[in-house]
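Working notes for the structure below.
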Amino acid sequence: DQYARQHEGGQSGKTEAWYIIAAPPGAQLICGVSQNTSPQRFAEAVRDGNLEGHLYPVAVSPGDVIFLPAGRVHAVGENICLYEVQQTSDLTYRLWDWGRPRELHLEKGLAAIDFHFVPDPKVEGIEISIGDNSKKYLIACRFFTVELLTVRTSFQEICDGRSFHILTVLEGEGKIFFSNGQQDIRRGESILVPATTGTYKLTASVPLRILKSYVPDLRQDIILPLRDLGKSDEQICALGGQGKTNDIAPLLVGR
């Protein structure tokens, strides 16, 4: 974010997260730099067009969640279908493009890279049961939170004016009921629920799996509800990923 503000007219960086929807056996994606590289060796490899040995491949399967703080090199592997959520930003620095003729941004990209090695960028999540249904907190940072809702009967949610909800249906069919109407929902569709909606209800005619994303108040939406459910601070902190980019960790100090 700091680099973008200084060099891109006040723009923000782009923190992202990926939820793997489908991936063949042995699928990999790129998440960060290799453990043994250095900024100098990495820069030389970029300019020589020989970057692959300096990138960190991560094996993925359906259901995995990958956290990508701004500055972490990343690329999607072959035949992977994923859901992406990101910080509000259109900024991209492309270092290498596998021979495709798109513009590269070598100098800016090299200046913005976080060279800290993260051996496991996956986030495990916290699942809770709610009657016949369940909610799994997948990832949480100050820019977004993603939850996986499994709806077998009916499930009530609320938009209380602080953030919209974006619902993306991975599986199933059903309806969403608002105070002034209803809407059919099915696999492959996304619905924007305005922040001022208030209470709404999801019902399933065929069991639903829905990704819900929103901009959180980390203390009010994540920390306090999960503490009330008996989850440890260690479990809650893990939702923010590893290292200095974890937005939850500072809020847990002193409880």
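Could you check the stretch 232-255 and list, in sequence order, the residues that are polar (S, T, N, Q) and either buried (at least 18 other Cβ atoms within 10 Å of the Cβ) or out of contact with any strand residue (DSSP E or B) (no Cβ under 7 Å at 6 or more places or on another chain) (or both)? Passing the criteria: 232, 242, 245, 246. On inspection, residue 222 does not qualify as more than 30 Å from residue 118 (Cβ to Cβ) and not hydroxyl-bearing (Ser, Thr, Tyr). One residue stands out among those in the stretch 171-187 that are surrounded by 18 or more Cβ atoms within 10 Å (Cβ to Cβ) and within 23 Å of the chain's Cα centre (by Cα): the one that is nearest to residue 198 (Cα to Cα), which is 185.
Is it the case, given these coordinates, that residue 201 is of a type in the set (Lys, Arg), touching a Phe, Trp or Tyr at 6+ places or on another chain (Cβ under 7 Å) and more than 23 Å from residue 20 (Cα to Cα)? Considered against the rule, which asks whether it is of a type in the set (Lys, Arg), touching a Phe, Trp or Tyr at 6+ places or on another chain (Cβ under 7 Å) and more than 23 Å from residue 20 (Cα to Cα), residue 201 comes out as yes.
The single condition among (1) among the aliphatic types (A, V, I, L, M); (2) in contact with a Leu (Cβ under 7 Å, 6 or more places away or on another chain); (3) over 25 Å from residue 21 (Cα atoms) that residue 112 does not meet is (2). Among the residues of the stretch 28-41, write down those that are surrounded by fewer than 21 Cβ atoms within 10 Å (Cβ to Cβ) and not polar (S, T, N, Q). Within the stretch 28-41, 30, 39, 41 meet the criteria. Strands (runs of 3 or more DSSP E) fully within the stretch 107-205 that include at least 2 residues being within 30 Å of residue 57 (Cβ to Cβ): 126-130, 133-140, 145-151, 165-178.
Please work out if residue 198 is in contact with a Pro (Cβ under 7 Å, 6 or more places away or on another chain) and not assigned by TED's automatic domain parsing to the domain that holds residue 84. No: the conditions fail for residue 198. Evaluation of residue 162 against the conditions (1) in contact with a helix residue (DSSP H, G or I) (Cβ under 9 Å, 6 or more places away or on another chain); (2) closer than 30 Å to residue 117 by Cα; (3) not acidic (Asp, Glu) shows that the sole unmet condition is (2). Taken together, 134, 163 contain a single residue that is in the same structural domain as residue 247 (by TED's automatic domain parsing) and under 19 Å from the mean Cα position of the chain (by Cα), which is 163. Residues that are touching a residue at least 24 places away in the same chain (Cβ under 8 Å) and of a type in the set (Asp, Glu) are absent from the stretch 231-239. Annotation: of all residues in the stretch 42-59 being closer than 24 Å to residue 120 by Cβ and of a type in the set (Gly, Ala, Ser), the one that is surrounded by the fewest Cβ atoms within 10 Å (Cβ to Cβ) is 53. Whether a residue is touching a Lys or Arg at 6+ places or on another chain (Cβ under 8 Å) and either charged (D, E, K, R) or surrounded by 15 or more Cβ atoms within 10 Å (Cβ to Cβ) (or both) was assessed, and residue 64 passes this test.
Would the stretch 159-179 turn up any residue that is within 24 Å of residue 83 (Cα to Cα) and either without any contact (Cβ under 8 Å) to a residue 24 or more places away in the chain or of a type in the set (Lys, Arg) (or both)? Checking the stretch 159-179: at least one residue is within 24 Å of residue 83 (Cα to Cα) and either without any contact (Cβ under 8 Å) to a residue 24 or more places away in the chain or of a type in the set (Lys, Arg) (or both).
The values are calculated or read from the model by the stated rules, or taken from the named source; none is laboratory data. Keep in mind the model is a prediction, meaning the values are calculated, not measured. A quick note on method: Cβ atoms are made from the backbone with ideal geometry, for glycine too, and the neighbour counts reach across all protein chains shown.
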